[in-house]
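Q: What follows is a structure written as structure tokens; I'll ask about it next.
Quick note: the coordinates plus some simple rules give every number you see, no bench work behind them. As the structure is a prediction and not an experimental result, all values here were calculated from the model. For neighbour counting, all protein chains shown are included, and Cβ atoms are generated from backbone atoms with ideal geometry for every residue, glycine included.
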Amino acid sequence: MSDTKEAKAGPKQKMTFRTHLNWLEKKRGILSSGEVRDTVRVALPTAFGGEGDEWSPEHLFLGSISSCFMMTYLVLAQKMGFTISRMECPAEGEVELIDGKYEFTSVVLYPKVSISEEANRPKALLAMGKAGKSCLVSNSVKATVVHEGQVIHDLHPLIHPESPVPSL
């Protein structure tokens, strides 16, 4: 009965996410959250004098946008009733000095979705457009976010590493 009431009430109007950052040494820190298992080591990027061997806030920013796009796309694909065989989403961000302050001015995502059934192409393309408009992180940033996606017909789909391997 509570499931029915929640479904009728619609999506949550407000959510809170939390992270915690601790300084480690020099210009390095470790990012964690009580909501997730793993931690992420962060440091200054090479563009600002860092060593470049750990995730920077700038790389995490781009990763946040591209991973949000991917998760949104996967949810939409499931709701629309089609499967994909692969997906990747490289991202590129441009930083400019504006009024004496650095800021991301544009982000370009290059999502590439592989489908094993050509009949799913219209749905796959529609989901790509919807994901671009529905991505929470993209909708929350000041920079322009552009999607240059493609859907390809994968004639020889790979089995996803988390998928069960058929026994012979």
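Q: Could you give the nm distance between label points at Lys12 and Ala47, where each point is 7 Å from its Cα heading toward the beta carbon?
A: The modelled label-to-label distance comes out at 3.2 nm.
Q: Taking 0.36 nm per intervening residue step and subtracting the Cα-Cα distance, what contour gain separates Lys26 from Thr105 on full extension?
A: Taking Lys26 through Thr105 to full extension adds about 25.6 nm, to one decimal.
Q: Between their Cα atoms, which of Lys26/Lys142; Lys79/Lys133; Lys12/Lys123; Lys14/Lys79; Lys12/Lys130; Lys101/Lys130 are more than 25 Å away from each other? Before the final figure, lay out each step's value.
A: Working: Lys26/Lys142 30 Å; Lys79/Lys133 16 Å; Lys12/Lys123 27 Å; Lys14/Lys79 22 Å; Lys12/Lys130 20 Å; Lys101/Lys130 33 Å.
From the list (Lys26/Lys142; Lys79/Lys133; Lys12/Lys123; Lys14/Lys79; Lys12/Lys130; Lys101/Lys130), the Cα-Cα distance tops 25 Å for Lys26/Lys142; Lys12/Lys123; Lys101/Lys130.
Q: Sorted from fewest to most neighbouring beta carbons within 10 Å, what does the list Phe48, Phe69, Phe17, Phe104 look like? Let's see the in-between values first.
A: Numbers: Phe48 12, Phe69 26, Phe17 7, Phe104 18.
By the 10 Å Cβ count, ascending, the order reads Phe17, Phe48, Phe104, Phe69.
Q: Using helices alone, what [θ] at 222 nm do you get for the chain, with -39,500 (n - 2.57) per DSSP H run of 4 or more residues, divided over all residues and rounded to the nearest 500? Don't skip to the end; give the middle numbers.
A: Details: 3 runs with 46 residues, N = 168.
Only helices count here, giving -9000 deg cm²/dmol.
Q: Counting Lys and Arg as +1 and Asp and Glu as -1, each charge on the Cβ, what is the dipole of the chain about the Cα centre in debye, to the nearest 20?
A: Numbers: 19 positive and 20 negative charges, 157 e Å.
Roughly 760 debye, rounded to the nearest 20.
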